[in-house]
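Single-structure report; data block below.
Please treat every number below as a calculation from the coordinates, not as lab data. From a predicted model like this one, the values you see are computed outputs, not experimental measurements. Every residue, glycine as well, gets a Cβ built from its backbone with ideal geometry; the counts of neighbours run over all protein chains shown.
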Amino acid sequence: MEYSKKVMEHFTKPKNMGEIKNPDGIGTVGNPVCGDLMKITIKVSKNKKGKEVIKDVKFKTFGCAAAVATSSMVTELAKGKTLNEAEKITRNDVAESLEGLPPLKMHCSNLASDALKEAIKDYRKKKNK
Ligand code: FES
């Protein structure tokens, strides 16, 4: 299996790994086929224009190299974005930013973008309570 340089970079030195204490939103997803798990925690705050932005985001992944790299990349892409922008990050955006993923590993990037979406959903649900 050939991984791009970017994937190896994010796998060996992942960004934003860990868990935010008292997060505003939590997203956990798993892939039943490979059994890999991903958890994303976010902190949300308002920017100067009053828009809600992802102030901080961290991930924990129990999974393959591509799962680690895609989680790391998705946190990088999401940081500083408004919730609406972050929600639009697709698995293709993640894969492209990593200079591509082997076809067999595309599902791993699903986990990353789905976990982020779940975390945003969770935040909105809590806020509207
Ligand atoms: Fe399952 Fe990568 S093999 S997330």
Write down the Kirkwood hydrodynamic radius of segment 66-129, to one decimal in angstroms, obtained as one divided by the mean of 1/r over all alpha carbon pairs.
-> 11.9
Taking θ as phi - 60°, what are the ³J(HN,Hα) couplings along segment 94-105 by the Karplus curve (6.51, -1.76, 1.60), each to the nearest whole Hz, with x for Gly and Pro?
-> 5, 5, 5, 5, 9, 6, x, 10, x, x, 5, 10
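Test of understanding: what is the full-extension gain from MET1 to LYS81, defined as 0.36 nm times their sequence separation minus their Cα-Cα distance? Walk me through the numbers before you get to the answer.
Numbers: separation 80, 0.36 × 80 = 28.80 nm, distance 3.27 nm.
Result: 25.5 nm gained on full extension.
Given DSSP loops and a limit of at most 14 other Cβ atoms within 10 Å, what is the longest stretch of the chain that contains no such GluC sites (Glu not before Pro)? Don't jump to the answer; show the numbers that get you there.
Numbers: sites that count: GLU2, GLU19, GLU99.
Counting at most 14 other Cβ atoms within 10 Å as exposed, the longest clean stretch of the chain is 20-98.
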CYS34 to LYS127: extension gain in nm, 0.36 nm per residue of separation minus the Cα-Cα distance?
-> 30.2 nm
Taking the Cα centre of the chain as origin, work out the dipole magnitude from +1 charges on Lys and Arg Cβ and -1 charges on Asp and Glu Cβ, in debye rounded to 20.
-> 820
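Sort VAL94, VAL29, VAL74, VAL68 by Cβ crowding within 10 Å, fewest neighbours at the top.
Numbers: VAL94 26, VAL29 19, VAL74 30, VAL68 23.
Taking fewest neighbouring Cβ atoms as first place, the list is VAL29, VAL68, VAL94, VAL74.
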Can you put SER113, SER4 in order of Cβ neighbours within 10 angstrom, beginning with the fewest?
-> SER4, SER113
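Taking loop as defined by DSSP and a crowding limit of 12 other beta carbons within 10 Å, which trypsin sites (Lys or Arg not before Pro) in segment 70-109 fit?
Numbers: sites: LYS79, LYS81, LYS88, ARG91, LYS105; in loops: LYS79, LYS81, LYS88.
Qualifying residues, ordered by number: LYS88.
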Give the Cα extents of the chain along the principal axes, in whole Å, largest first.
-> 45, 29, 22
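Rg/Rh for segment 1-40: what does it come to with C-alpha atoms and Rh from Kirkwood?
Details: Rg = 13.3 Å, Rh = 12.5 Å.
My calculation puts Rg/Rh at 1.06.
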Percent relative contact order of the chain, based on C-alpha pairs within less than 8 angstrom and at least six residues apart?
-> 31
